[in-house]
Amino acid sequence: MFSAKGVLGLRRRFTNHLFTAAAALASLLVLAPLFAIFGYLLYRGLGSVNWAFLTHTPKPIGETGGGMANAIVGSGLILAIASAIGIPLGIGAGIYLSEYGKSRYAQVVRFTADVLNGVPSIVMGIAVYGLVVLPQGHFSAFSGGVALGIMMIPTIARTTEEMLAMVPNVIREAALGLGIPQWRTTLSITLRTATSGVITGVMLAFARVAGETAPLLFTAFGNQYWSLKPNQPTAALPLQIYVYAISPFDEWHRQAWAGALVLIAIIVGAVSIVRVIAARHQVSHSA
Amino acid sequence: MGVGIEVRDLNAWFSKAQVLQDIQMNVEPNHVTAVIGPSGCGKSTFVRCLNRMHETIAGARVEGKVQVGDIDVYGSGTAAVDVRRRIGMVFQKPNPFPTMSIYDNVAAGLKLNGYRNRKDLDAIVERSLRMAALWDEVKDVVRKKSGASLSGGQQQRVCIARALAVEPEVLLMDEPASALDPISTGKIEELIFQLKEQYTVVIVTHNMQQAARVADYTGFFLMGKLIEFDKTQKIFTTPSDKRTEDYITGRFG
């Protein structure tokens, strides 16, 4: 005979299992597209990624072989410039908003950052074309870096602000109580406590702009040859992939797949390396 | 060596609300002075006015004179940073810097103010941890363990060591043991007893037994006013003011 308690227990347990299963299914569904993309890229691209691909510049159509070495290096150069612009400005803005930002002015800054975040990447490219490329008179890695750097700022600023806000106020007070000036407290104590979160924000911004193609169309423009100086048209992986993918040539299609795989691999690799280094620097938290 | 504190006509506000009214007090050097009173009476605010921490809160305001030794705390030429270097503070909730090792925590006040000498820092850290009665427990792991990975009582002693490392003249303690268990509390109280040889200690406590155990002088606050200030012995046996008597006999608060 079932007691009321027994039946209630049965239903509760069933509901519990049902929702656990639903949550697990949801997380699988989220991961599925990622694995699907990865898997498909590996399938289509792995065969074409070889030493030649990684070290040679493109060959004229008709010849087989050649690679995207210049695009890989070019992307690296453009991203380095973008990071040099986006990271300091983004973190600086985030620090201002969190530690000093109760004023009306701070509200304006926040709003501006959110609007900037929503600017379509093609519009950013055209804007930087008008602001940098035209006055300079030529396409360049620098202008590409400027476009991508500006796109990094809102993400980094907002994440930095939120991570700093999560640092308990008692920590700031402890530092101030020791006679440490406000600016030093912010940099060496508050920011340092939020480091892990700030790095996440930076990596998110980096991963996003690393694959952006539209802003580079009219700024970096692309280049079939080695371009190591920041003041000339520069090849970039996303650009090269685009050009090759819409071309009518099978050989270039093959290389586009390889390029896509290499791009994903570089982004995942960069993010992982930073994570590992950040983890190593953490002082042991376990007892 | 500790110095005396003189408080004259101290008033404090949080925006429009006045939380301290015309406080007058003389704190004896090298003695322990307790500040007691019911919740919200202004005792924490009072202590935070001594080292200019009250003004770090948006909208907070202070008027009056505080003289700590030879420093005019609210004088026009005095920088808050200098005041806070000469007056140490230990907070209610232990707050070691979570990303730093025990060593870096204790040395933080020195390192972040420009002091770099490696050997001297080693000596100072050891001395401070010894004074906080923590050295023997952590001497093997000072550089390896993070400040936040210790027990509550140990964390609080790290905070005390950190405050002592900069060699202040006065040590302010805002309910330092209220988040701790009785054994840790006992250790902290023993510590305070030893510290008064070298420092002037002002301790906020809501635990009257603690005040009776540890303090030489006691001040009773009520609704922002200092009702009575005298030797602890007198406050707890023959208080002059009826409100004091009501509080210590537990009739309210």
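Quick notes
- Semi-axes of the equivalent ellipsoid for the stretch A:139-231, Cα gyration tensor, largest first, Å: 38, 13, 9
- Average beta-carbon neighbours from other chains, 10 Å sphere, peptide B:87-99: 5
- Packing, as the average of other Cβ atoms within 10 Å across residues, places the peptides B:20-33, A:117-130, B:195-208 in the order B:195-208, B:20-33, A:117-130, highest first.
- As a length-normalised measure over Cα pairs under 8 Å and 6 or more apart, the relative contact order of chain B settles at 29 percent.
- When only alpha carbons are used to place a centre, the stretch B:28-80 and the stretch B:141-180 end up 21 Å from one another.
- The angle separating the long axis of helix B:182-195 from the principal Cα axis of greatest extent in chain B is about 90 degrees.
- With 5 Å bins from 0: P(r) over the stretch B:130-189, alpha-carbon pairs, percent: 4, 17, 29, 26, 16, 7, 0
- Taking the average, over residues, of other Cβ atoms within 10 Å as the packing measure, peptides A:261-271, A:142-152, B:181-191, A:97-107 rank A:142-152, A:261-271, B:181-191, A:97-107 from highest down.
- Only lysines eight or more places from residue A:59 in sequence, or on another chain, were considered; those with a Cα closer than 30 Å are A:229.
- For chain A, the direction-averaged projected area of the alpha-carbon convex hull comes to 24.5 nm².
- Cα-based shape type of the stretch A:73-235, given that a ≥ b ≥ c are square roots of the gyration tensor eigenvalues and the cut on a/c is 1.5: prolate
- Globularity ratio of the stretch A:180-287, using Cα Rg and 2.2 N^0.38 Å: 1.50
- Cα-based equivalent ellipsoid of the protein assembly as shown: semi-axis lengths in Å, sorted from largest, via gyration tensor: 60, 29, 23
- Inter-part distance where the stretch A:170-191 and the stretch A:107-133 are each reduced to a Cα centre, Å: 34
- Out-of-range pairs (alpha-carbon distance over 28 Å; input B:187/B:242; B:196/B:234; B:16/B:196; B:111/B:145; B:16/B:225; B:16/B:234): B:187/B:242; B:16/B:196; B:16/B:234
- The stretch A:148-188: C-alpha gyration tensor shape, a/c 1.5 cut-off, then a/b vs b/c: oblate
- Whole-angstrom gap from the stretch A:73-99 to the stretch A:12-43, using each part's C-alpha centre: 34
- Burial order of peptide ranges A:10-20, B:139-149, A:170-180 (average beta-carbon count within 10 Å, highest first): A:170-180, B:139-149, A:10-20
- Helix A:141-165 and the longest principal axis of the Cα set of chain A meet at an angle near 0°.
- Taken residue by residue and averaged, Cβ atoms of other chains lying within 10 Å of the Cβ of B:158-170 number 1.
- Per residue of A:178-187, other chain Cβ atoms within 10 Å of the residue Cβ number 6 on average.
- Within the stretch B:5-248, percent of DSSP bridges classed antiparallel, to nearest 5: 60
- Relative intensity, log₁₀ I(q)/I(0), of the stretch B:5-248 from a Debye sum that treats every alpha carbon as a point, q = 0.07, 0.11, 0.17 Å⁻¹: -0.23, -0.57, -1.28
- Spacing of the two label points (7 Å from each Cα toward its C-beta) at residue B:79 and residue B:61, in nm: 2.7
- Global geometry of the stretch A:229-274, whether rounded, prolate or oblate, following the gyration tensor of its Cα atoms and the 1.5 cut on a/c: oblate
- Nearest 10 degrees, 0 to 90: helix A:104-118 Cα axis against chain A principal axis: 50
Each reported figure results from applying straightforward, stated rules to the coordinates on display, with no laboratory input. Bear in mind that the values here come from a model prediction, so they are computed numbers and not experimental data. Cβ: placed from backbone, ideal geometry, glycine included. Neighbour counts: every protein chain shown.
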